[in-house]
């Protein structure tokens with residue numbers, strides 16, 4: 001604002017400007033109340049930054065840490081197998097860098113066979129609450145329903161036939177970061193390798209015995225290797241028995257429990273066509289192998305506690321396991337027949 005003054009003596013009009021006074025007042029005000037403006041600025045920053053951190057940065061950090069965690073399957077045990085359900089016990093460990101303190105809610109995890117495209121869901125199992133400790137043991141045991149018998153059969157086929165397979169575990173859950181009340185949605189997704197049964201490579205049969213009856217005319221000890229980390233309580237199993245691409249009878253093993261990482265011994269007996277065997281022992285090249293014949297076994301039926309288990313039977317039937325049996329020696333020692341090559 002300006003004012004006009006008339007000084008006597010010279011009649012000169014002067015204009016006086018008060019803007020300097022207003023500007024000085026503003027500077028003095030800012031200097032006096034700087035802390036108030038700083039506080040307002042901080043409030044604005046917090047109002048913008050904190051929600052971004054809580055809604056974007058923290059969830060991304062939680063998911064990143066979960067992605068970096070390592071899941072290791074130490075062993076799986078399948079028991080109480082029924083037509084529509086089975087008990088699955090999983091011993092596992094989760095390893096993290098322990099840099100973020102968080103808790104992961106329990107969740108329902110879907111197990112997929114990752115060796116097919118798209119991955120095939122074959123089971124669901126409940127995982128317990130876990131924390132971000134550097135090393136945590138996670139043990140689960142529950143009776144799970146079989147909602148898709150075909151998918152479980154496919155998984156078992158791969159498990160039996162392959163040297164190794166990959167299983168993916170996936171489920172949606174929430175993470176709780178220490179000091180923050182919010183629960184952040186995260187996805188648990190891990191793919192882990194599992195050793196397979198490798199088509200029972202190394203299967204052997206020893207101590208064979210034969211007789212001249214029509215049924216139960218062969219028995220021996222079967223040594224079944226299980227290089228995997230799975231213990232499988234399969235039950236009572238019957239096998240198609242083949243020689244030279246021809247089915248010659250049925251073999252039986254009761255109470256089959258394949259324990260992980262070892263060779264399992266079972267009493268095996270069979271109803272076989274003895275005429276086919278005696279003829280083969282006199283024909284080349286079999287008669288030149290000191291009475292040893294090569295047989296193939298393929299799953300036929302599986303029952304456990306009176307219930308049929310098609311997801312085991314079909315999977316076992318998808319693989320022919322070859323085994324050499326010195327049956328000629330049994331023919332000589334048990335029924336006194338000396339077998340030689342026929343001209």
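The values are calculated or read from the model by the stated rules, or taken from the named source; none is laboratory data. Nothing here was measured: the structure is a model prediction, and the numbers come from that model. FYI the Cβ positions are ideal-geometry reconstructions off the backbone, even for glycines, and counts take in every protein chain you see.
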Determine, yes or no, whether residue 85 is touching a residue at least 60 places away in the same chain (Cβ under 8 Å), outside the structural domain of residue 310 (by TED's automatic domain parsing) and under 19 Å from the mean Cα position of the chain (by Cα). yes
Being at positive phi and in a strand (DSSP E or B) is the filter here, so list the residues in the stretch 221-258 that pass it. 235, 249, 255
Against the definition (touching a residue at least 12 places away in the same chain (Cβ under 8 Å), over 24 Å from residue 82 (Cβ atoms), out of contact with any strand residue (DSSP E or B) (no Cβ under 6 Å at 6 or more places or on another chain) and surrounded by fewer than 19 Cβ atoms within 10 Å (Cβ to Cβ)), how does residue 285 come out, yes or no? no
Yes/no for residue 152 being surrounded by 13 or more Cβ atoms within 10 Å (Cβ to Cβ) and either free of Cβ contacts under 8 Å to residues at least 24 places away in the same chain or not assigned by TED's automatic domain parsing to the domain that holds residue 119 (or both): no
Taking the stretch 166-184 and keeping only residues that are in contact with a helix residue (DSSP H, G or I) (Cβ under 9 Å, 6 or more places away or on another chain), under 14 Å from residue 105 (Cα atoms) and assigned to a loop (DSSP other than H, G, I, E, B), one is left with 182
Screening 305, 290, 273 for residues that are closer than 30 Å to residue 79 by Cβ and in the same structural domain as residue 257 (by TED's automatic domain parsing) leaves only 305
From the list 187, 212, which residue is touching a helix residue (DSSP H, G or I) at 6+ places or on another chain (Cβ under 8 Å) and closer than 30 Å to residue 112 by Cα? 187
May I ask you to list the residues in the stretch 118-145 that are more than 16 Å from the chain's Cα centre (by Cα) and modelled with pLDDT of 95 or more? 143, 145
Buried (at least 16 other Cβ atoms within 10 Å of the Cβ), part of a helix (DSSP H, G or I) and touching a strand residue (DSSP E or B) at 6+ places or on another chain (Cβ under 6 Å): which single residue out of 266, 312, 295 fits that description? 312
Exactly one condition in (1) on the phi < 0 side of the Ramachandran plot; (2) over 23 Å from the mean Cα position of the chain (by Cα); (3) at pLDDT 95 or above is false for residue 213; which is it? (3)
State which residue is surrounded by the fewest Cβ atoms within 10 Å (Cβ to Cβ) when the search covers only the stretch 160-179 and only residues that are under 10 Å from residue 196 (Cβ atoms) and touching a strand residue (DSSP E or B) at 6+ places or on another chain (Cβ under 6 Å). 164
With respect to residue 159, is the statement that it is within 16 Å of the chain's Cα centre (by Cα), assigned to a strand (DSSP E or B) and under 30 Å from residue 323 (Cα atoms) true? no
